[in-house]
1. Out of Arg227, Arg209, I need the residue that is under 22 Å from Val143 (Cβ atoms) and open to solvent by 80 Å² or more (accessible area, probe 1.4 Å). Which one?
2. Report yes if some residue within the range 141-153 is within 23 Å of the chain's Cα centre (by Cα) and part of a strand (DSSP E or B); otherwise report no.
3. Residues of the range 8-18 being open to solvent by 10 Å² or more (accessible area, probe 1.4 Å) and closer than 17 Å to Leu56 by Cα, which ones?
4. Please enumerate the residues belonging to the range 180-190 that are open to solvent by less than 60 Å² (accessible area, probe 1.4 Å) and of a type outside the set (Val, Ile, Thr).
5. Checking Ala323 against (1) within 10 Å of the ligand (Cβ to nearest atom); (2) surrounded by 24 or more Cβ atoms within 10 Å (Cβ to Cβ); (3) not acidic (Asp, Glu): exactly one of these is not met. Which one?
6. Given the conditions (1) within 17 Å of the chain's Cα centre (by Cα); (2) within 26 Å of Glu181 (Cβ to Cβ); (3) among the aliphatic types (A, V, I, L, M); (4) open to solvent by 20 Å² or more (accessible area, probe 1.4 Å), and given that Leu265 satisfies all but one, which numbered condition is not satisfied?
7. Can you confirm whether the range 74-84 contains a residue that is more than 16 Å from the ligand (Cβ to nearest atom) and either under 18 Å from Ser145 (Cβ atoms) or part of a helix (DSSP H, G or I) (or both)?
8. Does at least one position in the range 114-128 carry a residue that is over 28 Å from Pro202 (Cα atoms), of a type outside the set (Gly, Ala, Ser), open to solvent by 10 Å² or more (accessible area, probe 1.4 Å) and part of a loop (DSSP other than H, G, I, E, B)?
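The values are calculated or read from the model by the stated rules, or taken from the named source; none is laboratory data. All values derive from a computational prediction rather than experimental measurement. All Cβ positions, even for glycine, are placed from backbone atoms using ideal geometry, and neighbour counts span all protein chains on display. The protein model used for the area step is the full one, side chains on, heavy atoms only, and it has no ligands, DNA or RNA in it. Shrake-Rupley method; radii C 1.70, N 1.55, O 1.52, S 1.80 Å.
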Amino acid sequence: MTLRAKLTGTGMCVPDNVVTNHDLAKLMDTSDEWIRQRSGIVERRHVVPPQRPSELAEVAAQRALESAGIDAGDLDLIILATLSAEADFPGTSFFLQDRLGLSETPCFDLRAQCSGFVYSLSVANAFVKSGQYRRVLVVGCEVHSTGLDFSDDGRDVTVLFGDGAGAVIVEANDDPDDAGEILEVRIHAEGSFADKLWVEAPGSGLHPRMTQEILDEKRHYPRMQGRFVFKHATRRMPEVLLQTLSAASLKLEDVDHFLFHQANLRINEYVATQLEIPPEKCPSNIERYGNCSAASIPMLLDENVREGRIEPGDLVAMASFGAGFSWTSAVLRWS
Ligand code: COA
């Protein structure tokens with residue numbers, strides 16, 4: 001019998017601290033109108049000291065475990081996707097493992113930026129389908145706010161990003177009567193565009209990794225060629241979505257919910273229009289949370305499951321685009 005993997009639980013956590021566009025306009029030369037019009041974002045959440053990424057990840061993970069009806073001790077593996085790790089090393093997953101009260105469960109971080117969640121889902125799916133593990137916790141977790149430039153120089157990037165964590169449980173499905181299944185996942189990358197959206201420092205490619213000059217030049221803050229990213233995102237997301245659906249022998253019309261990475265409402269509207277997807281099939285929460293990178297898709301999934309919009313039997317398609325460049329899609333049957 002071919003082993004199948006399905007999602008059995010979801011959870012999310014965002015910091016309580018709400019930062020509105022108006023709050024940012026007090027710190028830098030921007031406006032609520034500019035941010036809303038270009039990105040759809042109204043507010044986002046930022047951690048307050050001493051809040052750490054693994055705290056958000058822990059709450060999201062506990063909620064996912066609870067909704068799956070299992071304990072942390074039942075997990076065989078933890079994968080945590082992030083571009084904003086708690087420390088240079090070890091990965092945030094190790095801090096999370098400890099917070100969950102586990103001492104030997106294997107864990108690792110996966111770095112594929114805004115595509116990190118679906119990349120991690122593809123790894124979890126492969127582990128479960130191979131029979132090596134039965135229960136995998138996949139978490140997307142980001143604390144961007146501690147690494148953003150809140151001066152005018154950083155306004156193009158800083159207004160877009162928020163903090164948060166989302167989690168799912170991926171489990172083996174041995175029940176032939178249960179349709180729940182991760183049907184297909186596709187992951188892609190194009191490293192020649194690595195410096196179109198990146199944080200250069202501190203990095204081991206620099207000698208040394210951090211200097212006063214690097215700080216003065218602000219090379220430790222994210223840099224992005226916004227229009228270039230926009231252009232590639234609106235090409236790659238439809239492309240990979242169609243590829244994944246075709247691999248699953250499905251059509252766009254079969255899909256009940258399209259969960260797009262929440263980078264920019266305008267990117268997602270553009271993708272939906274190109275593919276003639278009705279807006280009601282494309283839920284969004286970017287207006288409340290901004291771009292939470294690897295956390296954005298599992299956060300959106302959790303909200304839609306808990307609010308009853310995603311129901312057993314529904315077909316869910318995910319698609320992402322992010323730094324790297326990286327882009328992905330997954331299609332799954334909810335049960
Ligand atoms: N507030 C006000 N003005 C801003 C601003 C801000 N926060 N950020 C940039 N601007 C200014 C620019 O300086 C520029 O001014 P100029 O015309 O005087 O030079 C002007 O707004 C237009 O900038 P531009 O970058 O051309 O705007 P845009 O229409 O391309 O929109 C983005 C900018 C970032 C919203 C858009 O390019 C985008 O969404 N790109 C994709 C980003 C993304 O999704 N990244 C994450 C991928 S995971």
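1. Working: Arg227 fails: under 22 Å from Val143 (Cβ atoms).
Exactly one of Arg227, Arg209 is under 22 Å from Val143 (Cβ atoms) and open to solvent by 80 Å² or more (accessible area, probe 1.4 Å), namely Arg209.
2. Yes: one or more hits.
3. Correct list: Met12, Cys13, Val14, Asp16, Asn17, Val18.
4. Gly180, Glu181, Leu183, Glu184, His188, Glu190
5. Every listed condition holds for Ala323 apart from (2).
6. (2)
7. Yes, there is a match, as at least one residue in the range 74-84 is more than 16 Å from the ligand (Cβ to nearest atom) and either under 18 Å from Ser145 (Cβ atoms) or part of a helix (DSSP H, G or I) (or both).
8. Within the range 114-128 (the criterion being over 28 Å from Pro202 (Cα atoms), of a type outside the set (Gly, Ala, Ser), open to solvent by 10 Å² or more (accessible area, probe 1.4 Å) and part of a loop (DSSP other than H, G, I, E, B)), the answer is no, since none of the residues qualifies.
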